[in-house]
6 protein chains.
Amino acid sequence: MGMNQFLQSLSDLETINRAPGYFKFEQHSVAAHSFKVAEVAQFLGDVEEQAGHTVNWRSLYEKALNHDYTERFIGDIKTPVKYATPELRKMLADVEESLTANFIHNEIPEQFQAAYARRLGEGKDDTLEGQILSVADKVDLLYESFGEIQKGNPEPVYTDIYRESLATILKFKQMACVQYFLRDVLPELLSADFSDRQKLEALTNTLLDQAED
Amino acid sequence: MGMNQFLQSLSDLETINRAPGYFKFEQHSVAAHSFKVAEVAQFLGDVEEQAGHTVNWRSLYEKALNHDYTERFIGDIKTPVKYATPELRKMLADVEESLTANFIHNEIPEQFQAAYARRLGEGKDDTLEGQILSVADKVDLLYESFGEIQKGNPEPVYTDIYRESLATILKFKQMACVQYFLRDVLPELLSADFSDRQKLEALTNTLLDQAED
Amino acid sequence: MGMNQFLQSLSDLETINRAPGYFKFEQHSVAAHSFKVAEVAQFLGDVEEQAGHTVNWRSLYEKALNHDYTERFIGDIKTPVKYATPELRKMLADVEESLTANFIHNEIPEQFQAAYARRLGEGKDDTLEGQILSVADKVDLLYESFGEIQKGNPEPVYTDIYRESLATILKFKQMACVQYFLRDVLPELLSADFSDRQKLEALTNTLLDQAED
Amino acid sequence: MGMNQFLQSLSDLETINRAPGYFKFEQHSVAAHSFKVAEVAQFLGDVEEQAGHTVNWRSLYEKALNHDYTERFIGDIKTPVKYATPELRKMLADVEESLTANFIHNEIPEQFQAAYARRLGEGKDDTLEGQILSVADKVDLLYESFGEIQKGNPEPVYTDIYRESLATILKFKQMACVQYFLRDVLPELLSADFSDRQKLEALTNTLLDQAED
Amino acid sequence: MGMNQFLQSLSDLETINRAPGYFKFEQHSVAAHSFKVAEVAQFLGDVEEQAGHTVNWRSLYEKALNHDYTERFIGDIKTPVKYATPELRKMLADVEESLTANFIHNEIPEQFQAAYARRLGEGKDDTLEGQILSVADKVDLLYESFGEIQKGNPEPVYTDIYRESLATILKFKQMACVQYFLRDVLPELLSADFSDRQKLEALTNTLLDQAED
Amino acid sequence: MGMNQFLQSLSDLETINRAPGYFKFEQHSVAAHSFKVAEVAQFLGDVEEQAGHTVNWRSLYEKALNHDYTERFIGDIKTPVKYATPELRKMLADVEESLTANFIHNEIPEQFQAAYARRLGEGKDDTLEGQILSVADKVDLLYESFGEIQKGNPEPVYTDIYRESLATILKFKQMACVQYFLRDVLPELLSADFSDRQKLEALTNTLLDQAED
């Protein structure tokens, strides 16, 4: 048993698609999503730092890069399951945690177990870095849903995902990086020319207004 | 709310891959797998009928066709999760059952709810048809793993899947259809020319011998 | 020679695409289409049964599941060939029939030949089950063309396919299941939000009006 | 009606796969195959010219480039249909010819109809260029089958295709380009390192010996 | 060393996509593009010939078929690099030329080296055939960009590509084939029903008007 | 101009394949490769840290995550171009550098330009983190080539890539992380069961022996 097992498993994440059955125009693998979230988190970290906050960059990169590795075990089932109750989501999280613990115990050499317990655990905690991860994860999901809407896919599930992503981002509206995103990035995204632009702008404004209150 | 929701969802099953991260040479969608299992069950039903047993064909087709629809909710996570304990598997089954109940209640018109509760419930019961489904599901999985082994994919996970499929089939070795499969179908499959043939024949014979005792 | 040949061939149907060169956004394999048609037929059968008609379920599932297996031999060339005359279509049907007879004679063990001659023969006969198959096959094609139109694909071929599917369904407008489909399913489908909605509703209403007469 | 229809249809040939259900490791579109056959024919033409024969290059390129356009109508069903009799193949060829004639009449402006009747007609005639096309078509098919065999795909269908391709090439063994191919190209192909090399060399030698007689 | 290396390399062109990262709805391989450009050039040559000009058909086919083979070495990086200056483009062209010379020296048998130096060199010279190639290459690119625009992809890069393609075609507006294309083909293309039709017609008319002057 | 442009461009890296035309069994996008290299670098950093060296984690993650972003401009042409001379490689590097500078100037807001000049510049410098990146990049390439060899792809290019990757890794053999990789990871990889195992072990041992001297 050694790290070869773990290194080879990275390639599996290239073949696991996010939200299988949902995205129609562009598939996103868990590996590619992890890359994008780390890139987004890096940018959000820049903003926080320029706003005078101290960023623990090691923690930020580590959280972003590893936050979805455990989808190898249980798949990407959490986001779009609209029939799940909070209790069911809690049960699924417990299952995932147990599978991860079993994996670390069986496949990771002892000298690295503590590091991977931290890396494969829940990264979205109350630290600045955990909050940036929460935002970055939803920024990428917002871009993914936008990619479908912009290309003319009218299935309402993408508007649902866009709304839910933005709503979650807005929960962190006191953060400098969220304010920058809302002021300097999102308007640029929405200024592109696509058929559902007006509807999406209206939805965005509604959410922003609600968040004001 | 009506059956349009259900009919449109069938197309999602075309884009959900079985065992994501595992199959490398040939991807199998849940829709295609369901088709193949129904075809295999139909053939196994022929054998049972010719052996003098009464087959409830409606039940057999219904079970085979619908047995994996619920993977829409929770994904195809049960087969290859080697880090799962029996308790975790039980928890996952409970989650799946609850999601299914929520789906039927929310999306299926009342006049069809009883039919879909039956169709989307556990089909692998103790009836002849339930047992044929158990065998047919594993026959297709055995063919899927064989497709990778035959094409020269040496990753041990396919041999594991082949072994586990055959072992499950052998639990039903008293059935006429399993005896036909072991005597007239499996040897033909293994007589093909491929590099790991000897190893697979040896593994097969070991399992068959153990099942004799 | 035995059933192994047939069972292995099922996997070929996973890699044969329907209407190659036509669908641009979503490819549909023959295997997945067969699954969907069987699911649609099952639902239409429910409606017929609730309307008081006796459904031979074995025959219905058998017809639906196997109706396109012979595309292995001659490909999916019949639907979109707009340059074909009736004579050419007849010739193609004859070729297909002969290829199927040769296949059954060469590849299916004698004890199953009668069953597969029935299964791989023309299923769209005048029985209730044959008529349900005719409708179910077009319902899935209608959904497939809708999937392209809804996603913004403006190539007129999809409107042609939608029109032709609906026109064929309307030939069976005296059936309870068609009446249910027209009254409770189709309006829900068309109520979705997509850019060509008005045009498709107008086309649908024109066809429905013509069928009234 | 004008040439726009024809020019847009070229893109359809990018999405029609050759021998659907057969190739497992590498899919080949009709467009890509047409490109490769034209490249092979160009090389074979070089050899013929260097051997002192006069090549009608316009005819050679025209034949090679256009020889499979009509697969748009009837699909790629001729090569691997092992259940077809000569009569059935003849019937299929007749159907294809009629569909092509209908297409030219309906879609090609009158001033170009003669050119496209020639281009979309049977190119494999008794001229030097027609013979080079016959060889080039099979050289590409031989490479396509080799691509599967070399990568370890043991399904016997590829050996069948390799054998049939080489046997057809050998029917033209009196041609300078075939002699060059057999002496200077094929041995280099077979000298590559792959697991079934010995078997393929033996098969090749057997066919070459038979052709000697 | 012999032609086997070259013939096997043709298959690589099936897996190299044009403008990677740009096309979202339809991927185009270099092999398929080469086929389409040769087909377009063939049609444009027809028009030139009917207009009384002498076409060197061998040269035309040869130029069109081989014009992008060298993308094997350097990839398809020239078209969409909007950050490139003329100096950088010149440097890239020099690199490509050197790689091609090295390839011909190392992989092509001496007796064919002159032919391939001509075929893999720059085809877009001042001859009639070189000019037809310049037009044909852009006609296919225009169709490729139209394929995205028509399907509702609003990313401005496709309008940019459409504009740049048409602008290049218009540089050859004195040619009979360009006049035919502008008068009889392009209006038919734009008359199709798609959401951005008005915008694309306006853009087209602006470019045509500018070219008048 | 703002960061939206950059964030949207991340999705392009999901559709740019590495070494187009080379990998046959598994395609690797630039996005997925960047994720994997960052994961490998993280693990190699663990080893260095446990060996008592100070790792600048921010720099290590930053280098690994961003090291191939510039492939957006010039494609992945450096690794496999066997016809390139050192001068050509130098010219290509200069082109890439200029394109990157143009991109940063045109697309990145001024307040972030310094950060992205550092991130998109050459990361493989003489620092510990630069050296870890050099190793991690080749470890992932070694795994990618192994993925093809293990699955039975006999094309010599993969052995070439494996050899070149290992040879580069061995240039850093004095590093603790390389020693761990050679002693505890590589043997585990090679102990898997695949047909070319002996050849690959021999090649590996030859390279290791040469590195000893």
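Brief remarks on what is shown
- So residue A:192, is it within 26 Å of residue E:159 (Cα to Cα) and either outside any helix (DSSP H, G or I) or small (Gly, Ala, Ser) (or both): yes
- Scan of segment C:163-189 for residues that are away from chain B (no Cβ under 12 Å), of a type in the set (D, E, K, R) and part of a helix (DSSP H, G or I), ordered by number: C:163, C:164
- Filter result for the condition that a residue is buried (at least 20 other Cβ atoms within 10 Å of the Cβ), in contact with a helix residue (DSSP H, G or I) (Cβ under 9 Å, 6 or more places away or on another chain) and of a type in the set (D, E, K, R), over C:62, C:26: C:62
- Neighbours by Cβ (under 9 Å, 6+ apart or cross-chain): first from segment E:119-131, closer than 16 Å to residue E:55 by Cβ and among the β-branched types (Val, Ile, Thr); second part of a loop (DSSP other than H, G, I, E, B) and modelled with pLDDT of 95 or more: E:127/E:56
- Given (1) farther than 30 Å from residue E:16 by Cα; (2) among the hydroxyl-bearing types (Ser, Thr, Tyr); (3) crowded, with 20+ Cβ neighbours inside 10 Å, index of the condition residue F:54 fails: (3)
- Verdict on residue B:152 being modelled with pLDDT of 90 or more and either assigned to a loop (DSSP other than H, G, I, E, B) or more than 14 Å from chain D (Cβ to nearest Cβ) (or both): no
Condition check ((1) touching a residue at least 12 places away in the same chain (Cβ under 8 Å); (2) surrounded by 14 or more Cβ atoms within 10 Å (Cβ to Cβ)) across all residues:
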{"position": "E:135", "(1), (2)": "yes, yes"}
{"position": "E:150", "(1), (2)": "yes, yes"}
{"position": "E:158", "(1), (2)": "yes, yes"}
{"position": "E:167", "(1), (2)": "yes, no"}
{"position": "E:182", "(1), (2)": "yes, yes"}
{"position": "E:191", "(1), (2)": "no, no"}
{"position": "E:206", "(1), (2)": "no, no"}
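Residue by residue, here is whether (1) under 20 Å from residue E:9 (Cα atoms); (2) small (Gly, Ala, Ser); (3) within 18 Å of the chain's Cα centre (by Cα) holds:
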site: D:134; (1), (2), (3): no, yes, yes
site: D:151; (1), (2), (3): yes, no, no
site: D:167; (1), (2), (3): no, yes, yes
site: D:191; (1), (2), (3): yes, yes, no
site: D:200; (1), (2), (3): no, no, no
site: D:206; (1), (2), (3): no, no, no
site: D:211; (1), (2), (3): no, yes, no
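- Flag if residue F:195 is of a type in the set (Gly, Ala, Ser), touching a helix residue (DSSP H, G or I) at 6+ places or on another chain (Cβ under 9 Å) and in contact (Cβ under 8 Å) with a residue 40 or more places away in the chain: yes
Yes/no matrix, rows are residues, columns are (1) of a type in the set (D, E, K, R); (2) touching a strand residue (DSSP E or B) at 6+ places or on another chain (Cβ under 8 Å); (3) part of a helix (DSSP H, G or I); (4) within 14 Å of chain D (Cβ to nearest Cβ):
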residue: B:94; (1), (2), (3), (4): yes, no, yes, no
residue: B:102; (1), (2), (3), (4): no, no, yes, no
residue: B:111; (1), (2), (3), (4): no, no, yes, no
residue: B:114; (1), (2), (3), (4): no, no, yes, no
residue: B:143; (1), (2), (3), (4): no, no, yes, yes
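- Number of the condition not met by residue E:36 [criteria: (1) within 18 Å of the chain's Cα centre (by Cα); (2) more than 13 Å from residue E:144 (Cβ to Cβ); (3) at pLDDT 95 or above]: (2)
- Within the set A:174, A:198, the sole residue that is farther than 30 Å from residue E:150 by Cα, surrounded by fewer than 14 Cβ atoms within 10 Å (Cβ to Cβ) and not charged (D, E, K, R) turns out to be A:174.
- Lone unmet requirement of (1) farther than 15 Å from residue A:69 by Cβ; (2) crowded, with 21+ Cβ neighbours inside 10 Å for residue A:131: (2)
- The lone criterion from (1) at pLDDT 90 or above; (2) surrounded by fewer than 17 Cβ atoms within 10 Å (Cβ to Cβ) left unmet by residue C:82 is number (1).
- Among residues of segment A:1-26, those that are under 14 Å from residue F:143 (Cα atoms) and aromatic (Phe, Trp, Tyr), counted: 1
- Residues satisfying the stated conditions in segment D:105-118, i.e. within 19 Å of residue D:59 (Cβ to Cβ) and either surrounded by fewer than 18 Cβ atoms within 10 Å (Cβ to Cβ) or modelled with pLDDT under 95 (or both): D:113, D:114, D:117, D:118
The values are calculated or read from the model by the stated rules, or taken from the named source; none is laboratory data. Keep in mind that this is a model prediction, so the values were computed, not measured. Glycine also receives a Cβ, built like all others from the backbone with ideal geometry; neighbour counts cover every protein chain displayed.
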